[in-house]
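Peer 1: I am attaching a structure below and will ask some questions about it afterwards.
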Amino acid sequence: MLVVEDERDIREVLRRYLERAGLSVLTTGTGAEAIRLLASAPPDLVVLDLGLPDVDGTDVLREIHAAGHPPVVVLTARSTVEDRIHGLQLGADDYVTKPFSPAEVVLRVQAVLHRSGGQPSEGGPVTYGEGRLRIDEPRHEAWLDGRSLDLTPTEWGLLTAVAAAPGRVFSRYELVNRIRGYEYAGYERTIDSHVKNLRRKLGPSGADLLETELGVGYRLSVKRDDHQ
Ligand code: CA
């Protein structure tokens, strides 16, 4: 899911609470970046602050519709009945007025996900590439061709990030965002060396699982197996 909120403290507290609830969270502080992410990686849900510095939140809402219409929980300081109705007319599925408790946002998000049938799977191993790669997220274990992989937390984060959407290219920004749980520009440059280490651990037969898209980022080259 994607959290669009320009106030860093709110953004990070939301991320903490949502991740604690078992959700995979990508964040951004600008409408422009949100629109870019919506196009490249349609999320299963968007938490959207309507009061953004660069783009009007309602314009982002329109882009969300264009991006396959994932459910939206709107955050806003506007609390009049007219604004609330306006937000719902624009397609928001729920509405939280600031100041809010992060726990309330989590409850609303879970309710909306439940209604939309988009509740994330509860676990158990998932396989890719006809069983070659096996990832058990709850147990924090991964295997390649039956061999257990001994990964650092960053390598684990990289692998599970690209495995979340096989075939899709993840930019370094997105990978850092997912792995570190916050935005840290300097870290983007070190992603390449972590990818190199991860490929080494995947071994000669598995290094091609993590493909480079030149100038863009990285992707998992194998598909998620159907029967799960
Ligand atoms: Ca704001």
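The values are calculated or read from the model by the stated rules, or taken from the named source; none is laboratory data. Just so it is clear, the structure is predicted and the values come from calculations on it, not from any experiment. Please note: Cβ atoms are built from the backbone with ideal geometry, for glycine as well, and neighbour counts cover all protein chains shown. Just so you know, the surface numbers come from the protein's heavy atoms only, side chains and all, with ligands and any DNA or RNA stripped out. Shrake-Rupley method; radii C 1.70, N 1.55, O 1.52, S 1.80 Å.
Peer 1: Among all stretches of the chain without exposed trypsin sites (Lys or Arg not before Pro) (DSSP loop, at most 12 other Cβ atoms within 10 Å), which one is longest?
Peer 2: 1-138
Peer 1: With runs of 4+ DSSP H residues as the only contributors, calculate the mean residue ellipticity of the chain at 222 nm using -39,500 (n - 2.57) per run, divided by the residue total and rounded to the nearest 500.
Peer 2: -12000 deg cm²/dmol
Peer 1: Which residues' amide hydrogens lie under 5 Å from the amide hydrogen of residue 141, considering only partners 5 or more residues apart or on another chain, with H built in the peptide plane?
Peer 2: Under 5 Å from the amide H of residue 141: 136.
Peer 1: A further question follows. I want to check the label-to-label distance for residue 21 and residue 165. Put each point 7 Å from Cα in the C-beta direction and report it in nm to one decimal.
Peer 2: Computed distance between label sites residue 21 and residue 165 equals 2.1 nm.
Peer 1: Run the simple label-point estimate for residue 132 and residue 77 please: 7 Å along Cα→C-beta, distance reported in nm.
Peer 2: Between residue 132 and residue 77, the simple spin-label model gives 5.2 nm.
Peer 1: Determine the share of segment 126-220's accessible area contributed by carbon and sulfur atoms, expressed in whole percent, with a 1.4 angstrom probe.
Peer 2: Reported share for carbon and sulfur atoms: 50 percent.
Peer 1: Same structure again: Please work out the average accessible area per residue across segment 2-116, using the 1.4 Å probe convention, and give it in Å².
Peer 2: Value returned for segment 2-116: 45 Å² of accessible area per residue.
Peer 1: Tell me, what ³J(HN,Hα) does each residue in segment 2-18 have, in order and in whole Hz, if you take phi through Karplus 6.51 cos²θ - 1.76 cosθ + 1.60 with θ = phi - 60° and put x for Gly and Pro?
Peer 2: Here the 3J(HN,Hα) series is 10, 10, 10, 7, 7, 7, 4, 4, 5, 4, 6, 5, 5, 4, 4, 5, 5 Hz.
Peer 1: Also, quick follow-up: Would you mind checking segment 1-23 for residues with the amide N under 18 Å from a putative spin-label position 7 Å along Cα→C-beta of residue 101?
Peer 2: Residues 10, 13-21 qualify, since their backbone N sits under 18 Å from the label point.
Peer 1: Quickly work out the residue 63-to-residue 205 label distance, labels modelled 7 Å from Cα along the C-beta direction, and quote it in nm with one decimal.
Peer 2: For residue 205 paired with residue 63, the spin-label model returns 4.4 nm.
Peer 1: Near the amide H of residue 27, under 5 Å away, which other amide H atoms are found, from residues 5 or more places off or on another chain, if H is placed in the peptide plane?
Peer 2: 3
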